[in-house]
Amino acid sequence: MTESPVRLHHVDEGPRDAPVIVLSGSLGSTLEMWRPQVGPLTERFRVIRIDHRGHGGSPVPPGPYRIADLAGDVIALLDDLGLEQVAWCGLSMGGMVGMHLGSEAPQRLTSLTLCCTSSNFPDTTVWADRIKAVADGGTAPIAETVVSRWFTPGWAAEHPDVVAEAAAMVAGSSDEGYLASCQALEVWDHRDRLPAISVPTLVIAGSADLSTPVEPHARTIVDGIPGARLEVLEAAHLATIERADEATPLIAEHAAGR
Ligand SMILES: O=C(O)CCC(=O)CC(=O)O
C-alpha cells in the first residue's frame, strides 16, 4: 500500500510558457545537485527541481518509503501546479521514480532521461548495511564514503570544493529520511515493468559509476525499455555534475524531443 502524498519542496524557474522539465535527484541529495543544469536548461525550459520526501526541504514522514510513494508525491505536485505532462530527468533514486512514472503514469510524461540508475539491486546486503550504519550513527559518518563513489578520484582531486559541498549535503540529510529511502531501494525491483514504459527514454550512465555500473544496471534498463538509447559518459555516479558539459546538452536535446 502506498502512503498519502506529501507536498514536495521545489524550485520552479524559467519561462512560464516553455515546456516543463522536472529534475529529481539521488539518495542523500538536495535539489542543489542540479545547479550546473539550471542556467542552460532555463534558456529553453521551465525547470522544476524537487526534493523527494525525506530529503532537503521536503517533509520527512515516517518510513519505510517505497518508490511508488515518491512517485505519488510527484503526481500530487504536478496536479497542484496544473501540469498535465512534463519531461522527466532523474538521477539514481530520481531515475527510479522516473521509471515508476513511465510505466504507471506514462500519460504524465513526454520523455524520460534516466541517469546513473537501476531497475533493481540484486545484492540487498548493500542496503541492509547502509540502513544499519545510518540507524547507528546517522548520515554524517557515511558521507565521505558515499561521496567517494559520486566522482572519479582525478576529478575529485581537481574539485575539492564540489566534493566538500556534496559531503556536507549527505551529512546534512535527515537520518530518518535517508534510512527510509534506503528501505525503498532495498526492495526496488522494476525489471518486469520496463517493457511497459512507452515514453521516449534516454539512459545516461557513467563508465566509472561504482554504485550503478553500466553492466548490468544501465544495460538492463536499455534492453528492457522499448527504443531506449544509451549514452555512456566518462564519470562516476554523479555524472550530471562531473560531466555537466556533456550531460546537460544530452538532457536538453532529449527533453526537447530531438
Ligand atoms: O544514489 C542513489 O540514489 C542510490 C544509489 C546510491 O546509494 C549511491 C551510493 O551511495 O553508492
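The values are calculated or read from the model by the stated rules, or taken from the named source; none is laboratory data. Please read all numbers here as calculations on a predicted model, not as lab measurements. Counting neighbours? That spans all protein chains shown, and the Cβs are built from the backbone with ideal geometry, glycine included.
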Identify, from the list 127, 88, the residue that is within 30 Å of residue 219 (Cα to Cα), in contact with a Cys (Cβ under 9 Å, 6 or more places away or on another chain) and not small (Gly, Ala, Ser). 127
Options 70, 83: the member that is more than 16 Å from the ligand (Cβ to nearest atom) and at pLDDT 95 or above: 83
Write out, first by first residue and then by second, each pair whose Cβ atoms fall under 8 Å of each other, whose residues are 6+ apart or on separate chains, and whose first residue, in region 174-194, is closer than 12 Å to residue 121 by Cα while the second is within 11 Å of the ligand (Cβ to nearest atom) and among the charged types (D, E, K, R). 182/130
With the checklist (1) surrounded by fewer than 21 Cβ atoms within 10 Å (Cβ to Cβ); (2) away from the ligand (no atom under 11 Å from the Cβ); (3) touching a residue at least 60 places away in the same chain (Cβ under 8 Å) in hand, flag the one item residue 211 doesn't pass. (2)
Residue hits (region 175-208; surrounded by fewer than 20 Cβ atoms within 10 Å (Cβ to Cβ) and within 13 Å of residue 65 (Cβ to Cβ)) are 176, 183, 186, 187
Scope region 185-235; condition part of a loop (DSSP other than H, G, I, E, B), hydroxyl-bearing (Ser, Thr, Tyr), over 20 Å from residue 255 (Cα atoms) and out of contact with any Cys (no Cβ under 8 Å at 6 or more places or on another chain); matching residues: 207
When residues of region 33-51 are filtered for being within 15 Å of the ligand (Cβ to nearest atom) and not aromatic (Phe, Trp, Tyr), how many remain? 3
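From the list 110, 124, pick out the single residue that is modelled with pLDDT under 95 and either in contact with a strand residue (DSSP E or B) (Cβ under 9 Å, 6 or more places away or on another chain) or of a type in the set (S, T, N, Q) (or both).
124
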Count of region 175-185 residues which are within 17 Å of the chain's Cα centre (by Cα) and under 15 Å from residue 141 (Cβ atoms): 3
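So in region 122-154, with the set limited to residues that are of a type in the set (A, V, I, L, M, F, W, C) and exposed (fewer than 15 other Cβ atoms within 10 Å of the Cβ), which one is nearest to the ligand (Cβ to nearest atom)?
Filtering region 122-154 for residues of a type in the set (A, V, I, L, M, F, W, C) gives 126-128, 131, 133-135, 140, 142-143, 146-147, 150-151.
This time we only want the ones that are exposed (fewer than 15 other Cβ atoms within 10 Å of the Cβ), so: 126, 128, 135.
Details: 126: 8, 128: 13, 135: 16 Å.
Applying the filter and picking the extreme gives 126.
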How many residues are touching a Phe, Trp or Tyr at 6+ places or on another chain (Cβ under 7 Å) and among the aliphatic types (A, V, I, L, M) when one looks only at region 173-229? 3
Flagged pairs (Cβ under 7 angstrom, 6 or more apart or on separate chains; first in region 144-160, closer than 16 Å to residue 207 by Cβ; second within 9 Å of the ligand (Cβ to nearest atom) and part of a helix (DSSP H, G or I)) are none
Which fully enclosed strands (runs of 3 or more DSSP E) of region 1-82 have 2 or more residues being under 20 Å from residue 170 (Cβ atoms)? 20-24, 46-50
